[in-house]
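Asks: I have a structure here, written as structure tokens, and I will follow up with some questions on it.
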Number of protein chains: 2
Amino acid sequence: MLDRLLCLVFALVSITAIGQDDEAFFIKSIYDHTLTEGVCHPWLSEMCTDIGGRLSGSDNANKATDFVKSKLLSLSLDTVYKQPCMVPAWERGDLEIVKYISDGEELSASALGNSIGTGGKILMAEVIEVQSLDEVRELGREKIMGKIVFYNRPMDPKQLTTFSAYGGAVDQRVFGATVAAEYGGVAALVRSMTLRIDDHPHTGVMSYKGDYPKIPGLAISTLDADELSKRLAKGKVKISIQNDAKVLPERESYNVIGEIKGTEFPEEIILVGGHLDSWDIGQGAHDDGAGCAHVMQVMHTLKKLNYKPKRTIRCVLFMNEENGLGGGNEYAKVSNEKGEYHLAALESDAGGFTPRGFTCEGDTSTFKKFFISLNAFEDILSPYNLYIKKGGGGADIRPLKSQKGLLIGFRPDSQRYFDYHHTAIDKIDAVNKRELELGAAAITSLVYLIDQHGL
Amino acid sequence: MLDRLLCLVFALVSITAIGQDDEAFFIKSIYDHTLTEGVCHPWLSEMCTDIGGRLSGSDNANKATDFVKSKLLSLSLDTVYKQPCMVPAWERGDLEIVKYISDGEELSASALGNSIGTGGKILMAEVIEVQSLDEVRELGREKIMGKIVFYNRPMDPKQLTTFSAYGGAVDQRVFGATVAAEYGGVAALVRSMTLRIDDHPHTGVMSYKGDYPKIPGLAISTLDADELSKRLAKGKVKISIQNDAKVLPERESYNVIGEIKGTEFPEEIILVGGHLDSWDIGQGAHDDGAGCAHVMQVMHTLKKLNYKPKRTIRCVLFMNEENGLGGGNEYAKVSNEKGEYHLAALESDAGGFTPRGFTCEGDTSTFKKFFISLNAFEDILSPYNLYIKKGGGGADIRPLKSQKGLLIGFRPDSQRYFDYHHTAIDKIDAVNKRELELGAAAITSLVYLIDQHGL
């Protein structure tokens, strides 16, 4: 508690010194602009409906780079360009059928990204249900050999943020197939990563490790996971899988970058980023069209308010967050080669919902200094009910950690995110215009405060 | 700032004295129960789909009183009963047509509650657009006489909470017809109370004042309001209105009440309330089915956790919040006659969205004392990101103000509320299960803290 009191006193001193009224006024103008003249929703709507899903390595993803580049060009920024990067390419294919052998009933299934398929052939086997990777290891080759391994541990509804619940279950999706293969499994079915009970399978990345055979991995809807579990409780269940997902050779794609050069400290970069790629099903509206829309709105707002930043403000639409981080890694590599310094990098990759706050991480030696500034910011942002806490930044900006700046994650309300995440219903109609705008205004406000004060 | 520091010190002392750990643990169990075994969503779903809209004075509203009574009876509370109250009755009727004379195109319209209709006849007149009640007064009889007055001032998107935006525009809906009538207007059309641009008209209460003639009042969708305004910018526009809304004689209806008797201070009542009535269109899922579900969940949770409250905890499902407050007024009258004392009364009437916090009002002489306790509560609730601020309680509990207890309004996130409010799409599919549950858990936690500490 004493720490907290001291922080508040620091905050008070810091704020008084820097003209809180002017800042509060400018932040109000950021909100007013975004809520009345914001472009984030119409731009996101255009990208979702005209382009749709934007899987890395697909033509759609590359179309999307041209789309956002043209939007950034319309803002008269100082620089707008595409930065080449290599990305993996994976195709779902047209065939995707998972059925019960007994009655032919189909399950709602979706191949996991990076998974091989059955090569169009029918793979048929008995199903064994497990709750964890460890259970597969305990059951061993004798029980797993020749089986389709069905991972059915639900996300934990007791977690307050759905991201915590996701974090506690997603190992099944990422490593389920490869661990099953290690013990002789022939395929993996994974309960979809959502707290809802519905008919939508949730795809997402999986990964093969070591020299074990590559076997197909697919997600099934939570309704079908419950049904499959019920059938298994009654006796043996055989299932057939037939799909033609495949990994293709790497392709060139792009990050898209736009910046406003700083007037006083141009070498200090404040980055705002989202990722342009999405999964192939749905429109990637929340994941992460919303993040792209947020950060383009930041640039729109700063330009329209005629703001001349002290530091360089750069927005980056990263390619390939979902299945490889090709864009994020390339961005950091080039940045390091140029000897750049990112004072702060913020990522929006948690959907277009009402903003709750920000989480921050940074080099331990400098984090304390940051935290005092951030407490002052939290006070200025208090009319907007935004918290600032310690916590993660984001996948695309993580490679910038070595530059020892501050990494910030934008945190909107998380309750509905996994209703849509990686599904066919992650579409523009799931994004509320005002919630999206408020997110953009919150991010712009924090960027403005960091630009004014440094850290 | 000094005030704030002092409050924190008070909070610290207060918390240390009362065993914060036990309380944090019990609050965690409240959340765990609600998120895993909550009944609020299935019960709300049942009420919405089996009964639907529940306008005061309708058979549906009375059916709903039996429904919630049966649910409360299933909880083995100490007392469950229906409290009679008289409520107005109003019927929309089957006929509701608003059209342009020029091309016969229909507008999406909905009669306002308590409004008369055209008696089934066609009312045809020229339209005049205004932005406010004052503009009608300024234009005067000469310009208004014989016209349909079209109120088109939108809700202000710059307001952060949509309730503020609503509060700044809703005078047009409530008083538009009666002010128009004062200057000779023959009907009023009101732009729907929402920030969305869509095709759903939003009904809601209106009121006739004085001896001016009663004229029909209807809401039109925001899309149609924009279209009508465009047509008016080009020249004269004539519209026809034909509907048969009518006011019927008062009827008997009921509040539904359930309580758990306090073990130490049974005479100190902590009330949690929502309102059971809704508008006739849609299912009243957010307004205020969600509030009813919240407060029934409070009782469910306390009973299932085997909690023996020190004070009497009473849940009240009020009748007739929307168009008369018959239930709220009767409840307070009976309570005063019995000499009861409501230490605190909390109302949930802002939808089933993710909880943001609570607003409190109370008698000025005692409010300071309350506020210190509330600061302590806010600290205990901080893991749940809930604020406690000064602000309004709720319409149904306002008549209890004379008992000088604390009145509390539950404040969920407001951004989507007016997307659904008083429309045909305020249905169960607009309510997210976890958001609803988190609201119930937040309310239960505050009720528990007030019960433990008094105020």
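Asks: Is the range A:396-453 rounded, prolate or oblate when judged by the Cα gyration tensor, a ≥ b ≥ c being the square roots of its eigenvalues, rounded requiring a/c under 1.5 and prolate requiring a/b larger than b/c?
Replies: Oblate is the answer for the range A:396-453, as a/c is 1.5 or above yet b/c matches or exceeds a/b.
Asks: From the C-alpha coordinates alone, can you work out the Kirkwood hydrodynamic radius of chain B, in Å?
Replies: It is 22.9 Å.
Asks: Can I ask one more? At a Förster distance of 22 Å, what's the computed FRET efficiency of residue B:164 paired with residue A:20, Cβ-Cβ distance as r, to 0.05?
Replies: Approximately 0.45, to the nearest 0.05.
Asks: Related question: Using only Cα atoms, what is the ratio of the radius of gyration of the range B:101-151 to 2.2 N^0.38 Å?
Replies: Relative to the rule-of-thumb radius for its length, the range B:101-151 sits at 1.30.
Asks: Output, in nm with one decimal and in ascending order, the distances from the residue B:363 label point to the matching label points of the other copies (7 Å from Cα along Cα-to-Cβ).
Replies: 6.0
Asks: To the nearest 20 debye, what is the magnitude of the charge dipole of the range B:96-244 about its Cα centre, counting +1 on the Cβ of each Lys and Arg and -1 on the Cβ of each Asp and Glu?
Replies: So the magnitude is around 240 debye.
Asks: How far is helix A:171-182 tilted off the main Cα axis of chain A, in degrees rounded to 10, range 0 to 90?
Replies: It is inclined by approximately 40 degrees.
Asks: What are the ³J(HN,Hα) values, in whole Hz, obtained from phi via the Karplus relation 6.51 cos²θ - 1.76 cosθ + 1.60 with θ = phi - 60°, for each residue of the range A:126-134 in sequence order, with x given for Gly and Pro?
Replies: For the range A:126-134, the Karplus curve yields 6, 9, 10, 8, 9, 9, 6, 4, 4 Hz.
Asks: Further, regarding this structure: Quote the FRET efficiency, to the nearest 0.05, computed for residue B:248 versus residue B:368 with a Förster distance R0 of 56 Å and r equal to the Cβ-Cβ distance.
Replies: 0.75
Asks: Give the shape of the range B:33-81 as rounded, prolate or oblate, defined through the alpha-carbon gyration tensor: a ≥ b ≥ c are the square roots of its eigenvalues, a/c under 1.5 means rounded, and otherwise the shape is prolate if a/b is larger than b/c and oblate if not.
Replies: Taking the square roots of the gyration eigenvalues as a ≥ b ≥ c, the range B:33-81 is oblate.
Asks: For chain A, what does -39500 (n - 2.57) per DSSP helix run (n ≥ 4), summed and divided by total residues, give at 222 nm, in deg cm²/dmol to the nearest 500?
Replies: Helix-only estimate at 222 nm: -11500 deg cm²/dmol.
Asks: Which distance in Å, rounded to a whole number, links the C-alpha centroids of the range B:294-309 and the range A:236-309?
Replies: Cα centres, the range B:294-309 to the range A:236-309: 45 Å.
Asks: Here's something else I'd like to know. If you take the charge dipole of the protein assembly as shown about its Cα centre, with +1 on Lys and Arg Cβ and -1 on Asp and Glu Cβ, which of A:414, B:385, A:152 is farthest toward its positive end?
Replies: Toward the positive end, the furthest listed residue is B:385.
Asks: At 0.692 mPa s and 37 °C, plugging the Kirkwood radius over alpha-carbon pairs of the range A:192-328 into Stokes-Einstein gives what diffusion coefficient in µm²/s?
Replies: The diffusion coefficient I find is 175 µm²/s.
Asks: Each residue of the range B:299-311 in order: what ³J(HN,Hα) in whole Hz does its phi give by Karplus 6.51 cos²θ - 1.76 cosθ + 1.60, θ = phi - 60°, with x for Gly and Pro?
Replies: Along the range B:299-311, the couplings run 5, 4, 5, 4, 5, 5, 7, 6, 7, 9, x, 6, 9 Hz.
Asks: Could you please state, rounded to a whole Å, how far the C-alpha centre of the range A:382-433 is from the C-alpha centre of the range B:171-232?
Replies: The two parts, judged by their Cα centres, are 41 Å apart.
Asks: Could you run the Debye sum over the Cα atoms of the range A:365-438, one equal point scatterer each and no solvent, and tell me log10 of I(q)/I(0) at q = 0.14, 0.20 Å⁻¹, two decimals?
Replies: Scattering profile of the range A:365-438, log10 relative to I(0): -0.65, -1.04.
Asks: By the scheme Lys and Arg +1, Asp and Glu -1, what is the net charge of all other residues having a beta-carbon under 14 Å from that of residue A:280?
Replies: Value of the local net charge: -4.
Asks: Viscosity 1.002 mPa s, temperature 20 °C: what is the translational diffusion coefficient of the range B:35-173 from Stokes-Einstein with a Kirkwood Rh over Cα pairs, rounded to a whole number of µm²/s?
Replies: Translational D for this selection: 109 µm²/s.
Asks: Calculate the tail of P(r) for the range B:105-205: the fraction of all Cα-Cα distances greater than 25 Å, expressed in %.
Replies: 18 percent
Asks: From the cross-link list A:261/A:433; B:69/B:246; A:63/A:404; A:121/A:427; A:71/B:158; A:147/A:230, which pairs have alpha carbons spaced over 22 Å apart?
Replies: Too far apart for the 22 Å limit: A:261/A:433; B:69/B:246; A:63/A:404; A:121/A:427; A:71/B:158.
Asks: Continuing with this model, one more query. Using the Kirkwood radius over Cα pairs, work out the Stokes-Einstein diffusion coefficient for the range B:255-295 at 25 °C and 0.890 mPa s, in µm²/s as a whole number.
Replies: Value of D from the Cα-based Kirkwood radius: 206 µm²/s.
Asks: So for chain A, taking the charge dipole from beta-carbon charges (+1 Lys/Arg, -1 Asp/Glu), which of A:189, A:203, A:119 sits furthest toward the positive end?
Replies: So the residue furthest toward the plus end is A:189.
Asks: Residues with amide H under 5 Å of residue A:360's amide H, sequence separation 5 or more or different chain, H placed in the peptide plane at 1.01 Å from N; which?
Replies: Those lying under 5 Å, H to H, from residue A:360 are A:389, A:390, A:391, A:409.
Asks: How far is helix A:222-234 tilted off the main Cα axis of chain A, in degrees rounded to 10, range 0 to 90?
Replies: Taking Cα atoms only, the helix is inclined about 30 degrees.
Asks: Let me ask something else about it. If you take the Cα Rg of the protein assembly as shown and divide it by 2.2 N^0.38 Å, with N the number of residues, what do you get?
Replies: Ratio of Cα Rg to 2.2 N^0.38 Å: 1.00.
Asks: Compute, for the range A:269-394, the length of the dipole vector about the Cα centre, with Cβ point charges of +1 (Lys, Arg) and -1 (Asp, Glu) only. Units Debye, rounded to 20.
Replies: About 840 debye.
Asks: Only sites in a loop by DSSP and with at most 14 other Cβ atoms within 10 Å count here; which trypsin sites (Lys or Arg not before Pro) in the range A:311-415 make the cut?
Replies: Taking the range A:311-415 and a limit of 14 other Cβ atoms within 10 Å, the loop trypsin sites (Lys or Arg not before Pro) found are A:338.
Asks: Let me spell out the model: positive unit charges on the Cβ of Lys and Arg, negative unit charges on the Cβ of Asp and Glu, origin at the Cα centre of chain A. What dipole size does that give, in debye rounded to 20?
Replies: In total the dipole reaches around 580 debye.
Asks: Suppose R0 equals 25 Å. What FRET efficiency, 1/(1 + (r/R0)^6) with r the Cβ-Cβ distance, do residue A:145 and residue A:234 give to the nearest 0.05?
Replies: Efficiency at R0 = 25 Å is approximately 0.60.
Asks: Counting pairs of Cα atoms in the range B:277-407, how many percent are more than 19 Å apart?
Replies: Counting every Cα pair in the range B:277-407, those more than 19 Å apart make up 57 percent.
Asks: May I ask you to report, in nm to one decimal and beginning with the shortest, the distances from residue A:391 to the same position in the other copies, taking label points 7 Å along Cα-to-Cβ?
Replies: Relative to the other copies, residue A:391 has label-point distances of 2.1 nm.
Asks: Please compute the net charge surrounding residue B:197, taking Lys and Arg as +1 and Asp and Glu as -1 over other residues with Cβ under 10 Å from its Cβ.
Replies: -1
Asks: In the range A:69-156, what GluC sites (Glu not before Pro) fall in a loop by DSSP, with at most 12 other Cβ atoms inside 10 Å?
Replies: A:105
Asks: Cβ under 15 Å from residue A:95's Cβ, residue A:95 left aside: what net charge do those residues give with Lys, Arg +1 and Asp, Glu -1?
Replies: In short, -2.
Asks: A further question follows. Let me know the shape class of the range B:69-142, please: from the alpha-carbon gyration tensor, a ≥ b ≥ c as square roots of the eigenvalues, rounded when a/c is under 1.5, otherwise prolate if a/b is greater than b/c, or oblate.
Replies: prolate
Where a number appears in this text, it was derived from the coordinates with a stated rule and is not lab data. Every value quoted in this text rests on a predicted model; they were computed, and no experiment measured them. Here Cβ is always computed from backbone atoms with ideal geometry, including for glycine, and neighbour counts include all displayed protein chains.
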